[in-house]
Amino acid sequence: QIGLPAAAAHNSPHPQAQARAGLGRTGRRPLRSTSMFCCGGGKGEREKLLADGTLESDGGILGIGKQRRYFDVVLVAPLLDPESQGEEEVREIQTKRLDVIRALRAANLDVRKFTEKKETDDDTSPRAQYFLIGASEDLLKHSAGSFGLEKKVAEKYKPKGLRDTTSYYEEYSYGNDDRFERDVEGGGGFFTSLERIRAVFHIIEGPDYEDPGCAMQDLDKLVADGVFKSYFTLVDHVRLEALKESWIYASPLTAPPIDMIRDYLGEKIALYFAWMNLYTGYLGLLALAAIIPTVYGWFTDQDRFYDNSLVPLYGVGAIIWAQLFIEHWKRKQASYAFMWNTEDFEDEEVLRPEFRRYVRSLKQNWESKYGSDGDGGCTDPKVADFVQGAWTRAGFINVPEDDEELKKVVPAVEYFSERAVRFRFFVSSLVTLLLVGVIVFVSLLILGLRAWIQKYYKPGYEGYPEDAFDFSAYAPAIAGTLNAIFIRIMSLLWAYLGLWLNDYEMHRTDTQWEDAYIWKTFAFQFINSYITTIYIAFVQPLGIKLPYIKSSSGEDLYDTCVTNSSTGLPDCFLATFNQAAMLIVLGQLQRVAKILIPWAMQKYRACRASGEDERKEIHRQVVSQATASTFAGTYYEYLEMAIQFGWVCMFAVAFPLGGIICFLVNIAEKRTDAIKVALLMRRPKYLGAQDIGSVQDVLNFIANMAIVTNFIILMLSSKAYKDYFAFLGDIFPAIEHEFSLKDTVGPMFLPADGRFWAFVCTVILEHTVIAAKEWVAWAIPDTPQWVEEERARIVMRKEAFKQAQTLSKEAEKRRKKYLDNLEKEKKKTTDITADDDVDV
């Protein structure tokens, strides 16, 4: 069954449950724009429940009553030790826990407790307590109606013209149950487990702007304060088994069932796996194309197989490939947003509990210092306050002072000054740029150290003994090791600093928080991952003088590329090939190691789960989920894929084989990501989304950068690209000899005339590729035609319904007028008969 079933309220001996059974609210909930609150008892019932501090006893978690109800959320409470923690701290934590349970029950939630015992015969002392939270179906319906839960529409109510396999979702409204599908697959209840989780979390964390209100408990803050150890949602075994068969254990070459993933894990995770599947498919096409220049180069010129005449063409193809992938994803993303009814998700996304908590904290601190009406001599408006209005993507829209009608219905919500937000963003950006600058500076120092060792620690050079150790041969390895250590240190630093900076910026919603974090982390990872390759590809070919570094005789030191053993000349294209190959291979090997860990853990858990009875199995599921890791979110996976996307696009000409390696690793990671998210991690709470957010902007940035980086690499280092311009010698005989020089590699190092014309041709080619890329973006609509048609039909239906309502009202007015006239005529006839003296 889904979650853990509990006894029906009317069968419970507890007064709280009996009170909940009397909940008899009817009618449709107000619109979410004017009602961001949940369902709870009246004020008298709330006070009564808050006064009752009892907790239910152990057991009873498997009871099944006439009305089936489920537990979906679990709070984990570690046992307290007065000896190690102190009696005062233990008493404070116990009081906070009791307050939380009271608030949850006051919001009409079911709360049950069971204690985990140690499994040895000698020691049966408790290890931890688990508070299981659920809600009645009627309460769930009120909650779902209050925030407009997206629910699958019944087949007979789907818009005409949709494909039979296409699901369609609408916002649920209380009392309109027939229009929506019941959870037939999961046991016959009205809501799926994910929908119940959304509704329960809304009751737990929602605000209390009006009475009745939600419990308004910030679970993350409670965990951070040590009141609870963690919280998680229970698995839906019916849907999980279906996902195992069709997705988790299926062939990684098959497309994942995105609708099923959405119904179990939410839109954000479903969109990630849809994106990952499409990206891997496109990588397969790029891998096939990468085989051609690699094989061609090996059979034509083994000394320079990495730089042959097909490599520039492959680079141009990779640029167009990237844009085609982005446009294809935009169309799929638009389709999912329409089907799941999440096109306005970001407009209606609720405030983060952390945002509400911080605003309330600032307001309380202000009032405790200056009083509720004091301004403390501050000339700026209050940074944090409660203001009547609503948050939108455009900012905060307040209620005008003279609009009495809006004041009656719009609640006062947490407000944080947008001026203060901009200042915080400015500070955060400065810190991020400073950190990026430190990375660039130290990386350049390490590269300078490599050049110093290569030049002056070669036996026999400028007094260095002939029999001394040849450090110059190991200079790249020394520099690479130092750079890897430095990158690791900075990554650990950013893991904490990046999260702190993002929280400091006071983002209003989870989507805004994640978008900002992705951009900052990508900027950090971009420098961290690509700085050495960019230096080798763009700077070393120029042979620049290293500042502040001189030989023992006072000569300047110039940094040059490695020497090609077959030609005896510096070969920057070979150096870029080696660097990109090493970093791509090492990066993918690291991902392979991460892939093996989830696979091994899944095998271990499968062995432990065998041979247990039903009750122990259910208890074990709760305990095992409590000990599992928490799913941090999809942004780490997206960032990892974005860096990989940069390697295969921005350095396509440097290492075409990178597409093949990344494709093979992604095939395996599709399976292990599914195992990790669905089986090894705790089931996350609902994570909604209408798109992949700022990841889309990151991909666009990489696709645009790919044009610049690939053409610069070709212009500075590619002999094959230089040979493309040999036809200029036929047009301009005076420069024909320039293209036959053996010691010239890239077109940038041709004599002046040849360099000029090669540069002009490169600019023309580059702009031609830009035009082709933009044409692809223009020619492929972001939204499929069928979605546009369905949107138009929805507008037409709304207009038709509005007209029908208008006609109905007008017809009602005409009918009433007719009845009034008829009544007047009847009354007039009666008056004549009664008053006139008529002889018969």
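Computed quantities for the displayed model
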quantity	calculated
Qualifying positions in the stretch 488-514 - in contact with an Asp or Glu (Cβ under 6 Å, 6 or more places away or on another chain) and not in a loop (DSSP other than H, G, I, E, B)	THR511
Filtered residue count, the stretch 334-358, keeping only those that are open to solvent by less than 30 Å² (accessible area, probe 1.4 Å), assigned to a helix (DSSP H, G or I) and of a type in the set (Lys, Arg)	1
Which numbered condition ASN365 fails, given (1) of a type outside the set (A, V, I, L, M, F, W, C); (2) crowded, with 16+ Cβ neighbours inside 10 Å; (3) assigned to a helix (DSSP H, G or I)	(2)
Where a residue in the stretch 623-634 is in contact (Cβ under 8 Å) with a residue 12 or more places away in the chain and its partner, wherever it lies, is surrounded by 14 or more Cβ atoms within 10 Å (Cβ to Cβ) and assigned to a helix (DSSP H, G or I), with Cβ under 7 Å and at least six apart	ALA628/LEU680; PHE631/VAL677; GLY633/GLU514; THR634/LYS268; THR634/ILE269; THR634/TYR272
Residue list for the stretch 382-426, restricted to those being β-branched (Val, Ile, Thr), more than 23 Å from ASN365 (Cα to Cα) and either free of Cβ contacts under 8 Å to residues at least 60 places away in the same chain or surrounded by fewer than 15 Cβ atoms within 10 Å (Cβ to Cβ) (or both)	THR392, ILE397, VAL399, VAL409
ARG331 vs. criteria modelled with pLDDT under 90, open to solvent by 40 Å² or more (accessible area, probe 1.4 Å), assigned to a helix (DSSP H, G or I) and not hydrophobic (A, V, I, L, M, F, W, C)	no
Residue within the stretch 500-509 that is within 30 Å of LEU449 (Cβ to Cβ) and out of contact with any His (no Cβ under 8 Å at 6 or more places or on another chain) present	no
Members of the stretch 297-322 that are acidic (Asp, Glu) and either farther than 21 Å from THR563 by Cβ or open to solvent by 20 Å² or more (accessible area, probe 1.4 Å) (or both)	ASP301, ASP303
Residues satisfying the stated conditions in the stretch 228-284, i.e. of a type in the set (Gly, Ala, Ser) and under 22 Å from the mean Cα position of the chain (by Cα)	SER230, ALA255, GLY266, ALA270, ALA274, GLY281
Residue list for the stretch 372-401, filter: at pLDDT below 80 and within 20 Å of GLU348 (Cβ to Cβ)	ARG393, ALA394
Qualifying residue in the stretch 438-452 (condition: in contact with a Gly (Cβ under 8 Å, 6 or more places away or on another chain) and either over 26 Å from ILE518 (Cβ atoms) or polar (S, T, N, Q) (or both))	no
Residue match in the stretch 432-455 (condition: open to solvent by less than 50 Å² (accessible area, probe 1.4 Å), under 30 Å from LEU219 (Cα atoms) and either at pLDDT 80 or above or over 33 Å from the mean Cα position of the chain (by Cα) (or both))	yes
ILE485 open to solvent by 80 Å² or more (accessible area, probe 1.4 Å), modelled with pLDDT of 75 or more, part of a helix (DSSP H, G or I) and not basic (Lys, Arg)	yes
Residues within the stretch 79-112 that are of a type outside the set (A, V, I, L, M, F, W, C) and at pLDDT below 85, tallied	7
Criterion: among the aliphatic types (A, V, I, L, M) and touching a strand residue (DSSP E or B) at 6+ places or on another chain (Cβ under 9 Å) - qualifying residue of LEU265, LEU253, LEU310	LEU265
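The values are calculated or read from the model by the stated rules, or taken from the named source; none is laboratory data. None of the values given here were measured: they were computed from a predicted structure. No Cβ is skipped: glycine too gets one built from the backbone with ideal geometry, and neighbour counts run over all protein chains shown. Remember, those area values only see protein heavy atoms, side chains included, never the ligands or the DNA or RNA. Shrake-Rupley method; radii C 1.70, N 1.55, O 1.52, S 1.80 Å.
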